[in-house]
Amino acid sequence: MPAEDPSNIHCHLDELLADRGMTLTELSKRVGVSLVNLSVLKNDRAKAIRFSTLTAICEVLDCQVGDLLAIARDL
């Protein structure tokens with residue numbers, strides 16, 4: 001089965017941050033990931049993400065991976 005084109009993955013980071021009253025800068029500090037890398041993820045330009053980064057983001061935002069990422073056809 002071919003891998004999904006990364007451009008088909010949508011990141012709901014904006015919505016999750018807004019729901020929690022948190023800025024991208026605050027998330028960056030709390031997860032130890034650069035603001036630039038989080039911005040790339042937030043703007044659906046990421047080609048890959050480490051499980052450790054994904055886990056840290058989900059722990060800080062108190063969400064599941066499926067809350068953060070979705071395949072665009074499911075939106």
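Read-outs: derived from the displayed coordinates by stated rules, not from any lab. Here the structure is a predicted model, which is why all the values come from computation and not from measurement. So basically every Cβ, Gly included, is an ideal-geometry build from the backbone, and we count neighbours across all protein chains shown.
Annotations
- Scoring 17-23, 66-72 by mean Cβ neighbours within 10 Å over their residues and listing the highest first yields 66-72, 17-23.
- Taking each DSSP H run with n ≥ 4 as -39500 (n - 2.57) and averaging over every residue of the chain yields -14000 deg cm²/dmol at 222 nm.
- Considering only alpha-carbon pairs that sit under 8 angstrom and 6 or more positions apart, the relative contact order computed for the chain is 48 percent.
- Computed from the alpha carbon atoms alone, the convex hull of the chain holds 90 Å³ per residue.
- Leading residue at positive end of dipole, segment 6-74 (Cβ point charges), from Leu13, Leu69, Leu35: Leu35
- For GluC sites (Glu not before Pro), the sites in segment 3-75 that DSSP calls loop and that have at most 16 other Cβ atoms within 10 Å are Glu4.
- Cβ-placed point charges (K, R +1; D, E -1), dipole of segment 6-74 about Cα centre in debye, nearest 20: 340 debye
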